[in-house]
Amino acid sequence: MTTTTDLVPADDHGAIVPATPAALEPASGHSHPAPRQYVMVAVVLVVITGIEVAMSYLDGHMNSTLLIFMLLGAAGVKFVLVVAWFMHLKTDSKILRRFFILGFVGALLLFTIIMLVLHGMQNSYNLPSR
Amino acid sequence: MTAVTADPALAPGDGDAGNPVDDHGDHGGSEHGGGHGHTTNTGVSNTKLAIWAFLSSECLFFGAFIASYLLYRGRDTNFAKAGLISKAFNPHDLFNIPFTSATSFILLMSSLTMVLALAAIQRGDERRFRIWIVATALFGLTFISGQVFEFTEFYREGLRLSSGTFGSTFFVMTGLHGAHVTVGIFWLLSLYQRSLQGKLGPEKAEAVEVAGLYWHFVDIVWIVIFTVVYLVPYHS
């Protein structure tokens with residue numbers, strides 16, 4: 001992977017290029033998982049989906065809040081598995097990971113803000129509640 | 001200072017001594033084998049960086065729709081009581097969980113065939129690449145057909161885009177996701193066509209990887225929608 005220590009100024013204009021052959025190796029020159037590993041991840045994803053669907057039928061038989069947390073947890077695990085293995089964020093350049101995390105955290109912030117706005121609006125304008 | 005480079009392609013060719021910025025504005029414009037495009041200062045190809053930036057913005061895009069859905073979830077009952085809408089639909093009376101689980105399974109499997117297509121093109125096995133890429137497109141098409149069927153069923157039940165907050169948020173969110181899947185199918189088929197024309201080899205594997213990133217993103221969005229919309233208990 002190219003790091004800042006592998007880069008040197010190329011000219012008086014301060015432009016920067018990789019300095020060593022090793023630095024020329026693109027950051028994405030990682031080794032992707034083998035097809036067998038992809039299949040294993042897919043099997044795990046299918047099993048989790050099956051468990052999720054089965055859990056959804058437990059509504060009324062167990063605490064709803066606990067059920068919601070378990071379902072969201074299962075979805076979270078599936079999300080991470082796809083992003084890490086199929087999208088190669090596990091092995092890819094850190095800069096790509098940061099890009100994605102930025103967007104994901106932004107989405108969570110947006111979600112929180114919308115929920116807070118709703119809560120405020122409901123109190124202020126007396127909208128119909130659930 | 002002179003840059004020490006091992007790749008002749010990094011040497012300036014326009015007379016601007018040592019300036020690694022090429023005509024396209026890329027730094028250190030050397031084409032690497034393995035289909036990873038240009039070597040840049042970030043160490044990541046511009047195409048790959050661009051698709052990740054796009055996917056990052058898509059997180060916010062879909063995040064807004066999912067948040068809106070949750071925001072209005074269960075409120076139609078009160079709106080109906082207040083006479084603002086004619087009827088409140090209970091989503092769990094409409095949803096066919098086994099059917100949607102099957103289409104979700106198909107979309108998950110399409111992610112597997114997509115990575116297998118990428119692995120095949122990276123090995124230079126174009127025949128298997130074509131098989132897996134067509135399988136991915138077919139899985140996507142099956143998912144979209146399932147969504148069309150589901151929408152038709154809901155329409156028959158009386159659910160419309162304008163029939164309440166549930167109808168509008170549900171149709172807009174899942175419809176936009178379906179639109180993304182459709183774009184992905186066309187993208188995959190274009191890769192298949194390029195392969196048939198001999199324009200897609202291991203050196204162009206990054207084109208497949210970028211399409212794959214988009215496809216997997218569409219899959220993870222569905223992972224969230226499937227759980228939040230279909231599986232999480234609904235109490236009006």
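Starting from the Cα of residue B:162, step 7 Å toward the Cβ, then list every residue of the stretch B:68-86 with an amide N under 15 Å from that point.
B:85-86
Over all residues in A:78-91, what is the mean tally of Cβ atoms on other chains that come within 10 Å of each residue's Cβ?
Mean number of neighbouring Cβ atoms from other chains: 5.
Just counting partner chain Cβ atoms within 10 Å, what average do the residues of peptide B:107-116 show around their Cβ?
5
Taking each residue in B:119-130, count the Cβ atoms of any other chain within 10 Å of its Cβ, then average. What number comes out?
1
Sum up the charges of everything whose Cβ sits under 15 Å from the Cβ of residue B:189, counting Lys and Arg as +1 and Asp and Glu as -1, but leave residue B:189 out.
Charge balance near residue B:189 sits at +3.
What per residue convex hull volume, in Å³, do the alpha-carbon atoms of the stretch B:125-236 yield?
Looking at the stretch B:125-236, the number lands at 101 Å³ per residue.
Take the stretch B:123-179, drop everything but the C-alpha atoms, weight them equally and run the Debye formula without solvent; then report log10 I(q)/I(0) at 0.26 Å⁻¹ to two decimals.
Once normalised to I(0) and log-transformed, intensities are -1.00.
Quick note: the coordinates plus some simple rules give every number you see, no bench work behind them. What you are looking at is a predicted structure, and each value in this text was computed from that prediction instead of being measured. For neighbour counting, all protein chains shown are included, and Cβ atoms are generated from backbone atoms with ideal geometry for every residue, glycine included.
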